[in-house]
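Here's the structure we're looking at; comments come further down.
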Amino acid sequence: MTSSHTFAGRHLLGIEQLSPADITTILDLADQYVDVNRRADKHSDVLAGLTQINMFFENSTRTQASFELAGKRLGADVMNMAMQASSIKKGETLIDTALTLNAMHPDILVVRHPHSGAVNLLAEKVNCAVLNAGDGPHEHPTQALLDALTIRRAKGRLHRLNIAICGDIAHSRVARSNLMLLGKMENRIRLIGPPTLMPSQIDQFGVEVYDDMRKGLEGVDVVMMLRLQLERMDGGFIPSAREYYHRFGLDAEKLSYAKDDAIIMHPGPMNRGVEIDGTLADDIHRSVIQEQVEMGVAVRMAVMDLLARNLRTARANETKKETYV
Ligand code: NCD
C-alpha cells in the first residue's frame with residue numbers, strides 16, 4: 001500500500017493530537033484499504049510478524065470485531081484478551097496488567113477502558129504502539145476517523161459542511177472526538193439535545209447549541225445521532241425514553257428540516273424507537289450506518305499500517321545505534 005504522506009505519531013490516543021494533514025493522510029490511506037476490502041483476496045502482509053493484542057475492559061461488538069478483522073487482514077498475529085475474566089477481577093491494577101502484557105512483546109495494543117485518560121497512562125508504561133478504542137467519555141479517535149471517511153465519501157468533501165450532532169453529547173466520547181475532528185477540518189457544527197445532556201463548558205467549543213431538533217436540523221448536510229449512554233448516567237437526565245423519542249428521536253418529520261440530501265449517521269449500537277426511527281435507520285437512500293461499519297475496518301487498517309511503519313523505523317534506528325556504540 002502506498003502513501004505519499006507520513007504520520008509522525010507513535011500511538012493513536014486521540015484526535016486532539018492530530019493535525020489536519022495527519023487526518024487527511026489516514027483517510028487517504030483508508031480509501032485504498034476500502035478497495036482492498038472489496039476484493040475477493042483481502043490479505044496483505046503489512047503487519048506480518050507483528051503481534052496485536054486487543055484489551056477491551058468495556059463491552060464492545062463492532063469496534064473489537066473491526067480491530068480484529070483489520071489486524072488479521074494485514075497479517076498480524078491477533079489476540080483478544082478477555083478482560084472481564086482477567087486478573088483485573090482479582091484486584092490487579094491496570095499498570096500491572098500492562099507490564100505483564102508488555103513482557104510478552106506485543107507490537108500493537110488496542111485498548112478500551114471505562115476511565116478517561118487510562119489509555120494515555122498505559123501508553124507511558126509500554127514500549128509498543130497503543131491505540132485508543134474508547135476511554136470513558138473522553139475520546140474514541142478511530143470512530144471519528146471512520147465517521148469522517150464516511151462523510152467525505154458521501155459528500156465529496158470534509159470541509160464547510162453543516163453537521164448536527166444530536167442527543168447525549170455530555171457522556172459521548174464519539175461526540176467529543178467528532179467535535180475536534182470536524183472542527184479541525186473547518187466544518188460548522190451544531191449540537192442538539194436536552195440541556196441536561198450538554199457538557200457544562202460547551203461555550204469553549206465554538207459550536208451552536210439547540211434544544212429543538214427542528215430548528216437545529218434546518219439546512220444541515222449531516223445528521224449524526226448518538227445513543228443515550230445510560231451506563232454513564234445515575235438517573236434524572238431524561239424524563240422517559242418515550243418522551244425523549246418524541247422530542248429528540250430522529251423521524252421522517254424532523255429529518256424533513258435538514259437538506260434533501262442530508263445523510264443519517266449513528267455509531268451503533270442503536271436503540272430503535274429511542275434515538276432513531278427504525279425505518280429511517282434502514283433507509284438506504286438516507287442512512288449511511290452500514291457504510292460507517294465498512295469504513296471502520298478500512299480506517300483501522302490504515303492507522304495500524306501507519307503506526308507499524310513508525311514502529312519499524314524506530315526499532316531500526318535503535319538497532320543502528322546499538323551497532324555503532
Ligand atoms: C460507541 C462507543 O462505544 O463509544 N460505539 C462504538 O464504538 N461503535 C458509541 C456508543 O456506545 O453508544
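The values are calculated or read from the model by the stated rules, or taken from the named source; none is laboratory data. This structure is a prediction, so every number in the text was calculated from the model and none was measured. Positions of Cβ are generated from backbone atoms using ideal geometry, with glycine treated the same way; all protein chains shown enter the neighbour counts. Heavy atoms of the whole protein, side chains included, go into the accessibility calculation; ligands, DNA and RNA do not. Shrake-Rupley method; radii C 1.70, N 1.55, O 1.52, S 1.80 Å.
Separation of region 22-51 and region 165-222, taken as the distance between their Cα centroids, equals 31 angstrom. Between the amide H of residue 198 and those of 170, distances stay under 5 Å, these residues lying 5 or more places away or on another chain, with hydrogens modeled in the peptide plane.
At a probe radius of 1.4 angstrom, the accessible area of region 255-310 per residue rounds to 39 square angstrom.
With +1 assigned to the C-beta of every Lys and Arg and -1 to the C-beta of every Asp and Glu, and no other charges, what is the dipole magnitude of the chain about the Cα centre in debye, to the nearest 20? Rounded to the nearest 20 debye, it is 480 debye. In this simple spin-label approximation, residue 121 and residue 186 carry label points 7 Å from Cα along the Cα→Cβ vector, and these lie 4.0 nm apart. Under a GNM of the chain (C-alpha, springs under 10 Å), which listed residue has the highest mean-square fluctuation: 134, 14, 75? Comparing 134, 14, 75 in the GNM, the peak value goes to 75. Each label point was placed 7 Å from the Cα along the Cα-to-Cβ direction; for residue 233 and residue 313 their separation is 4.6 nm. Tell me which of 295, 310, 276 sits at the most positive position along the dipole axis of region 275-318, charges placed on C-beta atoms (Lys, Arg +1; Asp, Glu -1). Selected residue: 310. Take every Cα pair under 8 Å whose residues are at least 6 apart in sequence, average their separation, divide by the length of region 15-128, and the relative contact order is 29 percent. For region 205-325, the residue among 226, 262, 240 whose Cα projects farthest onto the positive side of the dipole built from Cβ charges is 226. Shape of region 100-236 from the C-alpha gyration tensor: oblate (a/c of 1.5 or more and a/b not above b/c, with a ≥ b ≥ c the square roots of its eigenvalues).
GNM remark for the chain: springs join alpha carbons under 10 Å apart, and the peak mean-square fluctuation among 57, 205, 67 falls on 205. The base-10 log of I(q)/I(0) for the chain, evaluated at q = 0.06, 0.10, 0.15 Å⁻¹, reads -0.21, -0.58, -1.24 [Debye formula, identical scatterers on Cα atoms, solvent excluded].
The angle separating the long axis of helix 20-37 from the principal Cα axis of greatest extent in the chain is about 80 degrees. Relative contact order for the chain: 20 percent, from Cα pairs under 8 Å spaced at least 6 residues apart, divided by residue count. For region 267-275, putting each phi into the Karplus relation 6.51 cos²θ - 1.76 cosθ + 1.60 with θ = phi - 60° gives couplings of x, x, x, 9, 9, 5, x, 10, 9 Hz, in residue order, rounded to whole numbers and with x for Gly and Pro.
Remark: region 174-180, residue by residue, has Karplus-estimated 3J(HN,Hα) of 5, 5, 4, 5, 5, 4, 5 Hz, where x stands for each Gly or Pro and the curve is 6.51 cos²θ - 1.76 cosθ + 1.60 at θ = phi - 60°. DSSP finds beta bridges in the chain, and of those with both partners inside it, around 5 percent are antiparallel. About the centre of its Cα atoms, region 37-133 shows a dipole size close to 360 debye [charges on the beta carbon of Lys, Arg (+1) and Asp, Glu (-1) only; nearest 20 debye]. For the pair residue 39 and residue 79, label points projected 7 Å from Cα toward Cβ lie 3.0 nm apart.
Restricting to Cα pairs below 8 Å that are 6+ residues apart, what does the relative contact order work out to for region 180-325? Please round to a whole percent. Rounded, it is 20 percent for region 180-325. For the pair residue 16 and residue 205 in one chain, pulling the backbone fully straight at 0.36 nm per residue adds 66.8 nm over the alpha carbon distance.
Structure remark: mean-square fluctuation, Gaussian network model of the chain, C-alpha springs under 10 Å; the largest value among 20, 195, 239 belongs to 239. When only the Cβ of Lys, Arg, Asp and Glu is charged (+1, +1, -1, -1), the dipole of region 230-310 relative to its Cα centre reaches about 240 debye. At an R0 of 35 angstrom, the distance between the Cβ atoms of residue 59 and residue 251 translates into a FRET efficiency of 0.80.
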